[in-house]
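K.L.:
Mind looking over this structure? Questions follow.
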Amino acid sequence: MENLCKSYRVAEKQLKVLDGLTVEFPEQSITVILGRSGCGKTTLLRVLGGFEEYDSGTLLRPPLHKMGMVFQEPRLMPWLTVWKNVIFGLPKAQVDPDRIRELINTVGLVGFENAYPAQLSGGMQQRAALARALAYDPELILMDEPFAALDHFIREAMQDELLRIFSVHKKSIIFVTHSIDEALLLGQKILVLDQGRVEQEFSLESFDYPRDILSPELIDVKKNIIKIITQRSIT
Ligand SMILES: Nc1ncnc2c1ncn2[C@@H]1O[C@H](COP(=O)(O)OP(=O)(O)O)[C@@H](O)[C@H]1O
Ligand SMILES: [Mg+2]
């Protein structure tokens, strides 16, 4: 995207949310959008997904991108089982039971295929939502703070799971978070967003997975990020 701008009209006023973003999102890579609450992360993701109009600038997407989206909350259909939720939206002819079984296995929900969302924990529901996004076999997955509502241990397991899936399938992933640690664990590229602008980009391609975020190198990156975010938000 180049020089992309977007504002909302709220009570007769223009609220500028994206203020001239120029970003390249590499394919088959995990790009993290990091920033505090209200800085425009969800708006950016929605613009990228084509769910939201923008005011000016350029957005170029490779053609025929199949896209999946995972939200902060699972958004499952409460009246459908795990299995039916996972295949929801797939044309019948495209439902390959072996593949769906494998996906359910990947997200650790074997034995719960016939359970309803209300019978699952929040973490399990979120894993079902991840399986649903993957069932569509998207080339691009947009993830909006997908693990933010999970407790620490499930969150770690899901981050590991995402990296495992990524190592096998090499999807293009754009992952929004407000957690610096999560950004350091997952991002090959980290964009620090503040007040509608990319304050800084970090390239972490040289750090292999799984990462030790307590390593001196990553602690240095973390200090840098904290400096950028705190400096900007005081002004
Ligand atoms: N549909 C909308 N209409 C008006 N204002 C909105 C809308 N969506 C978001 N905003 C405002 O835009 C800003 C950025 O929101 P958002 O993109 O959701 O940020 P984030 O995801 O980083 O928390 C916030 O000030 C929010 O109140
Ligand atoms: Mg948001």
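The values are calculated or read from the model by the stated rules, or taken from the named source; none is laboratory data. Being a predicted model, the structure only gives us computed values, none of them experimental. Every residue, glycine among them, receives a Cβ derived from its backbone with ideal geometry; neighbour counts consider all protein chains shown. When the accessible area is computed, the model is the full protein with side chains, heavy atoms only, and any ligands, DNA or RNA have been set aside. Shrake-Rupley method; radii C 1.70, N 1.55, O 1.52, S 1.80 Å.
K.L.:
Expected output is a single nm value to one decimal: the length gained when fully extending between GLU2 and LYS227, i.e. 0.36 nm times separation in residues minus the C-alpha distance. What is it?
P.N.:
Stretched out fully, the GLU2 to LYS227 stretch lengthens by 78.4 nm.
K.L.:
Using 0.36 nm per residue, how much length does the chain from VAL168 to ARG99 gain when fully extended, once their Cα-Cα distance is taken away?
P.N.:
Residue separation times 0.36 nm, minus the Cα-Cα distance, leaves 23.4 nm.
K.L.:
Given the options GLY68, GLY108, GLY187, state which has the largest fluctuation in a GNM of the chain using a 10 Å cut-off (strictly under) for Cα springs.
P.N.:
Between GLY68, GLY108, GLY187, it is GLY108 that shows the largest mean-square fluctuation.
K.L.:
Next question. What are the residues whose amide H is under 5 Å from the amide H of VAL32, where those residues sit 5 or more places off or on another chain and H is modelled from the backbone?
P.N.:
HN-HN under 5 Å from VAL32: PHE175, GLN188, LYS189, ILE190, LEU191.
K.L.:
Rounded to a whole number, what % of the accessible area of the chain do carbon and sulfur atoms account for, probe 1.4 Å?
P.N.:
52 percent
K.L.:
Show the residues, 5+ positions off or on another chain, whose built amide H is closer than 5 Å to the amide H of VAL70.
P.N.:
LEU142, MET143, ASP144
K.L.:
Now a separate question. Setting aside same-chain residues fewer than 8 positions from LYS66, which aspartates and glutamates have a Cα under 14 Å from its Cα?
P.N.:
GLU27, ASP137, GLU139
K.L.:
Right, here's the next one. Using Cα pairs under 8 angstrom and six or more residues apart, how large is the relative contact order of the range 76-138, in percent?
P.N.:
50 percent
K.L.:
Please list the non-local residues whose amide H lies under 5 Å from the amide H of LEU4, H modeled 1.01 Å from N, same-chain partners needing a gap of 5 or more.
P.N.:
When sequence neighbours closer than 5 places are left aside, the close amide H contacts are GLY20, LEU21, THR22, THR58.
K.L.:
Once both labels are modelled 7 Å past Cα along the beta-carbon direction, what's the ASP19-GLN195 spacing in nm?
P.N.:
It is 0.5 nm.
K.L.:
Right, here's the next one. Pick from LEU90, LEU186, LEU18: which is most flexible by mean-square fluctuation in a GNM of the chain where alpha carbon atoms under 10 Å apart are linked?
P.N.:
LEU90
K.L.:
To the nearest 10 degrees, how steep is helix 122-135 against the longest Cα principal axis of the chain, on a 0 to 90 scale?
P.N.:
It is inclined by approximately 90 degrees.
K.L.:
Something else now. Nearest 5 percent is fine: what portion of the DSSP beta bridges confined to the chain is antiparallel?
P.N.:
Looking only at bridges with both residues in the chain, the antiparallel portion is about 45 percent.
K.L.:
Sticking with this structure for a sec: Quick one: among ALA148, ALA115, ALA183, which has the greatest mean-square fluctuation in a GNM of the chain with alpha-carbon springs under 10 angstrom?
P.N.:
Per the Cα network of the chain with a 10 Å cutoff, ALA115 tops the list.
K.L.:
Tell me the per residue accessible area of the chain using a 1.4 Å probe; a whole number in Å² is fine.
P.N.:
That works out to 53 Å² for each residue.
K.L.:
Here is a further query. When the helix-only estimate is applied to the chain (DSSP H runs of n ≥ 4, each -39,500 (n - 2.57), divided by the residue count), what is the mean residue ellipticity at 222 nm, nearest 500 deg cm²/dmol?
P.N.:
-11000 deg cm²/dmol
K.L.:
Rounded to the nearest 0.05, what FRET efficiency do ARG75 and SER37 give with R0 = 22 Å and r taken as the Cβ-Cβ distance? Could you check?
P.N.:
Once rounded, the FRET efficiency stands at 0.65.
K.L.:
Give me the one-decimal nm value for the distance between modelled label points at LEU60 and GLN28, 7 Å along each residue's Cα-to-Cβ direction.
P.N.:
2.0 nm
K.L.:
Would you mind getting me the FRET efficiency between VAL110 and ASP151? Use the beta-carbon distance for r and R0 = 25 Å, nearest 0.05.
P.N.:
0.70
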